[in-house]
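The values are calculated or read from the model by the stated rules, or taken from the named source; none is laboratory data. Quick caveat, the model's predicted, so the values are computed rather than measured. Glycine gets a Cβ as well: all are built from the backbone with ideal geometry, and neighbour counts include every protein chain shown. Ligands, DNA and RNA are stripped out before the accessible areas are found, and what is left, the full protein with its side chains, is counted by its heavy atoms. Shrake-Rupley method; radii C 1.70, N 1.55, O 1.52, S 1.80 Å.
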Amino acid sequence: VLRDGDPLEEPRDPPRPPLASGRYEHILVEKRGEQNNVGFIQLNRPKALNALCDGLMREVGQALDSFEADNNVGAIVITGSDRAFAAGADIKEMQNRTFQECYGGNFLAHWNRVSTVKKPVIAAVNGFALGGGCELAMMCDIIYAGEKAQFGQPEILLGTIPGAGGTQRLTRAVGKSLAMEMVLTGDRVSAQEAKQSGLVSKIFPVDQLVSEAVKCGEKIASNSKLVSAMAKEAVNAAFELTLAEGNRLEKRLFHSTFATEDRKEGMTAFVEKRKANFTDS
Ligand code: HXC
């Protein structure tokens, strides 16, 4: 049973003010789509195969904050390069870290920002999505893969284990046997295997992946942002709650849509045989 104050989401810092795209060092940030309503984040450390250093993940958090605060943005795409979505957390940065530093500083806690965004987030994965890279993709709501994508949790080969949700989200996505095999051997799976196991929803040719992800973002952004956030909250609850609790939350959110202008507009537009004009209210 959900009680007031029971956090479905991790607590987080208040949103930071939007930053101009020029102020990012490790990522490229812009808006895409015909209506400029898809927030677009490209990881941009090509020489390190987009290894997710601390600074990069902080910038991703800032970009997400700015898109979350932007009323025109209805969906967000995160992508990397053709060669690598991200080859994991930055091993060179982690190499000399102590337990005391990790535990005391709650190492990687800020990565959770990706999983607390209200707006739908699509990962467009070309190339390697390994370790933290695979975990970052799994924090997103939808994963699209390029034909040559490879997914893996190779931390075991470094003497450690996934630390940003890999053991949990991968297991929920692909089931125990494949998750165990990937986590215990470090073996990678192809885009095709990832699709077959339910980790990704669609595969595209490498050069079409990003535009297809943006198209999906545009489709999502054309719906009510308010109601999309409710839909996302309800689906995510399936990972946290019992069936009875989840259905109850769903029903309450469903009832809540009847308090919105957009629900009224959507049904009226259907009856009047015209396209709905949502106002996110
Ligand atoms: C830092 C990395 C890196 C990483 C690659 N590089 N992955 N640097 N952290 N995770 C750097 C390499 O050091 C090299 O730079 C450059 O990127 C190119 O990599 P190469 O190895 O030369 O390329 P290639 O031979 O094509 O092999 C690609 C690869 C391999 C298979 C992806 O780089 C690899 O195995 N990377 C590590 C993958 C991994 O173990 N990821 C999990 C990390 S642990 P220089 O300058 O040295 O030539 C993790 C923990 C998660 O993610 C816990 C919570 C987040």
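Restricting attention to the stretch 228-239, the residues that are touching a Gly at 6+ places or on another chain (Cβ under 8 Å), open to solvent by 30 Å² or more (accessible area, probe 1.4 Å) and touching a residue at least 24 places away in the same chain (Cβ under 8 Å) add up to 0. Within the stretch 170-201, the only residue that satisfies the criterion of being free of Cβ contacts under 8 Å to residues at least 40 places away in the same chain, farther than 25 Å from Phe99 by Cβ, within 15 Å of the ligand (Cβ to nearest atom) and assigned to a loop (DSSP other than H, G, I, E, B) is Asp187.
Restricting attention to strands (runs of 3 or more DSSP E) lying wholly within the stretch 64-169, give those where 2 or more residues are more than 11 Å from the ligand (Cβ to nearest atom). So that I can check it myself, show each step before the final result.
On the way: elements: 75-79, 84-86, 121-125, 128-130, 142-146, 150-152.
Passing ranges, in order: 75-79, 121-125, 142-146.
Collect the residues in the stretch 36-53 that are without any contact (Cβ under 8 Å) to a residue 40 or more places away in the chain and not in a loop (DSSP other than H, G, I, E, B), keeping them in residue-number order. It would help to see each step written out before you state the result.
Looking only at the stretch 36-53, we keep the residues that are without any contact (Cβ under 8 Å) to a residue 40 or more places away in the chain, and these are 36, 41-42, 44-47.
Matches in the stretch 36-53: Ile41, Gln42, Pro46, Lys47.
Check the stretch 35-46 and report whether any residue there is open to solvent by 50 Å² or more (accessible area, probe 1.4 Å) and within 13 Å of the ligand (Cβ to nearest atom). Yes; the residues of the stretch 35-46 include at least one that is open to solvent by 50 Å² or more (accessible area, probe 1.4 Å) and within 13 Å of the ligand (Cβ to nearest atom).
Just so you know, in the stretch 252-268 the residues that are of a type in the set (A, V, I, L, M) and closer than 24 Å to Ala237 by Cβ include one that is surrounded by the most Cβ atoms within 10 Å (Cβ to Cβ), and it is Leu253. The combined condition, being touching a helix residue (DSSP H, G or I) at 6+ places or on another chain (Cβ under 7 Å) and surrounded by fewer than 16 Cβ atoms within 10 Å (Cβ to Cβ), is not fulfilled by Ala244.
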